[in-house]
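*Asks:* Below are the structure tokens for one structure; questions will follow.
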Amino acid sequence: MTQERRRAGRIQAKGAQVACTSPGFAKPGTASYNLAVKLLDTSASGACLVTKGRLREGIPVIVGIVFPSQNARVMSKAVVRWSTTVESKGRTAHVAGIQFEKPIPSLGPAPEAIETKKGEPQRRHKRFVPETVDIVCLPPGLLTKLGVNKNSAKGLKNLSLGGAQIISGEKLKVGERVDLMLQFRYPKATVQAVGVVRWCQRDTMSLEPRWNVGVVFKHMDSDSSGRLETVQAVFIDKQ
């Protein structure tokens, strides 16, 4: 079931051709009319581009993307949601986040759709959003136990007895096993679990590199399970 959903997911940017134009930003027919240099990644709701210059946030653009290997192409009106300039080793690159006027299903499910569809196998568990929780997400293994690996989790979007949707500062591989630790301030409790990454979607609307990640719990000791049920009871009642 997971593989089937991935086939219906977003089209990878590798080998894609992209054009981004804005009559209000560059004159038609000039060499600078195509503002795009490269497509970094895309989702149903938007795309992340390397551009020829730093774009003004809020300007309207028209984006066209061609995927030769899939024989697919899309074109959409869009708006620049964020733009930044990155410098590394003496080189400068301009990067922009583009939001499409309407979601484009062929580029993958929109974040809202992902949250519903990707969690479908766990729908027997009600979702809830704790008020305050610290989350740690690490790959399992000796380095983790020695404290060498850094925490990839930036936050928690929602939670259930069957899994969690987290915000990650790095891309996680589908099928990868992770160790999770959730520390709730109210009610005060700590929950530990071993999970598996079911899906990972780049948040193209975020200036800082971020990914929305769906994790299914695969192992949790009885103590942690009991604490999570207590936390769920508190917040399900509140909602």
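The values are calculated or read from the model by the stated rules, or taken from the named source; none is laboratory data. All values reported here derive from a predicted model rather than from experimental measurement. Using ideal geometry, Cβ is built from the backbone for each residue, glycine included, and neighbour counts are taken over all protein chains shown.
*Asks:* Of a type in the set (D, E) and at pLDDT 70 or above: is that true of E115 in this structure?
*Replies:* Numbers: of a type in the set (D, E): yes; at pLDDT 70 or above: no.
Here the answer is no, as E115 does not meet what is asked.
*Asks:* Check whether at least one residue in the range 1-16 is surrounded by fewer than 17 Cβ atoms within 10 Å (Cβ to Cβ), touching a strand residue (DSSP E or B) at 6+ places or on another chain (Cβ under 8 Å) and at pLDDT 80 or above, and report yes or no.
*Replies:* The answer is no, given that none of the residues of the range 1-16 is surrounded by fewer than 17 Cβ atoms within 10 Å (Cβ to Cβ), touching a strand residue (DSSP E or B) at 6+ places or on another chain (Cβ under 8 Å) and at pLDDT 80 or above.
*Asks:* Going through the range 160-203 one residue at a time, which ones are in contact with a strand residue (DSSP E or B) (Cβ under 6 Å, 6 or more places away or on another chain), closer than 16 Å to T230 by Cβ and without any contact (Cβ under 8 Å) to a residue 40 or more places away in the chain?
*Replies:* T190, Q192, A193
*Asks:* Inside the range 126-239, counting only strands (runs of 3 or more DSSP E) that do not spill past its ends, which hold 2 or more residues that are among the charged types (D, E, K, R), modelled with pLDDT under 90 and in contact with a His (Cβ under 6 Å, 6 or more places away or on another chain)?
*Replies:* Working: elements: 133-138, 153-159, 163-168, 177-185, 188-202, 211-219.
Those strands (runs of 3 or more DSSP E) do not exist here; none qualify.
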